[in-house]
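Everything on this sheet refers to the single structure shown next.
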Amino acid sequence: MPTILGQNQYGKAENRVVKITRDGDTHHIKDLNVSVALSGDMEEVHYSGSNANVLPTDTTKNTVFAFAKEHGIESAEQFGIHLARHFVTSQEPIKRARIRVEEYTWERIETSDNNSRFIGSDEVKHSFVRKGQEVRTSQITFDGENWEVISGMKDLTVMNSTNSEFWGYVKDKYTTLQEAYDRILATTVQAAWRFNWTSDEQRMPNWERSYAEAKKHLLQAFAETYSLSLQQTLYQMGSRVINSRSEIDEVRLSLPNKHHFLVDLEPFGLKNDNEVYFAADRPYGLIEGTVLRDGVEARIPVDHTNL
Ligand SMILES: O=c1[nH]c(=O)c2[nH]c(=O)[nH]c2[nH]1
């Protein structure tokens with residue numbers, strides 16, 4: 001049976017690059033995990049093994065580190081844009097570059113209870129603790145003409161200890177779930193949002209500010225929604241971002257329902273007054289959905305993941 005080559009891409013994955021910027025003796029850290037995927041005229045290397053069109057993955061790794069020096073790392077998105085543009089414009093056979101970035105955030109260590117005494121001391125300026133909250137993600141794709149930037153986050157765990165109910169659902173012969181009028185709602189947010197910046201002709205968003213604002217709106221919507229289901233909360237979270245940020249047209253959310261079950265304390269002669277829960281880790285409900293600006297086309301893949 002004859003065969004033909006289908007979709008293919010290649011590049012160095014998970015380049016862990018850390019850039020220290022020294023502003024006098026005050027240091028700033030950017031800590032990224034960068035994955036490069038290139039595609040284009042790559043039939044020959046697959047069919048015959050000719051490497052004539054192949055920029056080595058080793059070179060793509062070196063480029064990541066060299067660009068950290070040459071261009072700095074202003075934001076994950078800006079860094080990805082520099083890289084994608086470079087690969088597509090410098091090598092004829094490369095027609096498309098996709099750069100995925102995970103970013104780990106570092107916060108300054110405060111070195112005294114009375115912090116004000118130490119402001120200006122060396123410890124504050126160059127000592128950091130890695131932030132335990134979310135991992136920031138971005139994916140930058142360039143085909144020589146159009147850009148697609150999808151940013152987001154994963155591992156951001158949140159909980160409402162009240163203002164959540166779940167009742168009025170379908171009941172069949174297998175249904176045992178009790179209706180809940182005051183339950184815990186907890187989830188670990190995986191979010192991806194697509195920017196409507198697609199060409200060098202348009203003004204580029206402020207990536208850092210956009211991220212901070214999108215995160216703020218997701219969290220505020222989670223906190224402020226009186227929830228009748230996680231689905232309803234998901235829609236509120238997505239639409240809050242779309243309505244507040246004109247640079248974002250599409251939000252995809254994947255929200256595991258981190259179930260907290262009330263423990264039966266009756267056997268011990270104790271009454272559980274919505275106080276003691278068993279935090280189950282699996283199975284979990286998985287609630288996923290896309291929220292779009294009216295009139296735009298959905299482009300974030302249903303199973304979009306970063307790395
Ligand atoms: O918010 C929820 N949505 C569901 O679809 C669902 N299903 C379920 O068993 N519990 C919940 N909770």
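Side notes on the structure shown:
- The criterion of at least 3 residues that are modelled with pLDDT of 95 or more is met, among strands (runs of 3 or more DSSP E) falling completely within the stretch 62-167, by 94-104, 135-142, 147-160.
- So Y235, is it more than 16 Å from the ligand (Cβ to nearest atom) and under 30 Å from D281 (Cα atoms): no
- Hey, F261 surrounded by 18 or more Cβ atoms within 10 Å (Cβ to Cβ), more than 22 Å from Q139 (Cβ to Cβ) and either of a type outside the set (S, T, N, Q) or in contact with a strand residue (DSSP E or B) (Cβ under 6 Å, 6 or more places away or on another chain) (or both) or not: no
- Residue in the stretch 257-268 that is within 16 Å of the ligand (Cβ to nearest atom) and under 16 Å from the mean Cα position of the chain (by Cα) present: no
- Unique match (being within 30 Å of E102 (Cβ to Cβ) and within 15 Å of the ligand (Cβ to nearest atom)) among M159, M153: M159
- Taking the stretch 280-292 as the range and being within 15 Å of the ligand (Cβ to nearest atom) and over 28 Å from S244 (Cα atoms) as the test, the residues that pass are A280, R282, P283, Y284, G285.
- Close contacts from the stretch 67-78, counting a first residue that is touching a residue at least 24 places away in the same chain (Cβ under 8 Å) and a second that is among the polar types (S, T, N, Q), with Cβ to Cβ under 7 Å and a gap of 6+ residues or different chains, come to G72/T21; A76/S138; E77/S138; E77/S151.
- Within the stretch 275-298, tally of residues that are surrounded by fewer than 12 Cβ atoms within 10 Å (Cβ to Cβ) and of a type outside the set (A, V, I, L, M, F, W, C): 7
- The stretch 213-307 holds strands (runs of 3 or more DSSP E) entirely within its bounds, and those carrying 2 or more residues that are touching a helix residue (DSSP H, G or I) at 6+ places or on another chain (Cβ under 7 Å) map to 248-257, 285-292.
- Condition check for D31: modelled with pLDDT of 95 or more, open to solvent by 30 Å² or more (accessible area, probe 1.4 Å) and under 24 Å from R100 (Cα atoms): no
- Scanning the stretch 169-201 for residues that are surrounded by fewer than 17 Cβ atoms within 10 Å (Cβ to Cβ), touching a residue at least 12 places away in the same chain (Cβ under 8 Å) and within 11 Å of the ligand (Cβ to nearest atom) yields E179, A180.
- Annotation note: Cβ proximity below 7 Å between a residue of the stretch 253-276 that is outside the structural domain of D303 (by TED's automatic domain parsing) and a residue that is open to solvent by 60 Å² or more (accessible area, probe 1.4 Å) and within 16 Å of the ligand (Cβ to nearest atom) (sequence gap 6+ or interchain) occurs for no pair.
The values are calculated or read from the model by the stated rules, or taken from the named source; none is laboratory data. Fair warning: this is a prediction, and the values are worked out from it, not measured in the lab. Using ideal geometry, Cβ is built from the backbone for each residue, glycine included, and neighbour counts are taken over all protein chains shown. Just the protein is used for accessible areas: all its heavy atoms, side chains included, with ligands, DNA and RNA removed. Shrake-Rupley method; radii C 1.70, N 1.55, O 1.52, S 1.80 Å.
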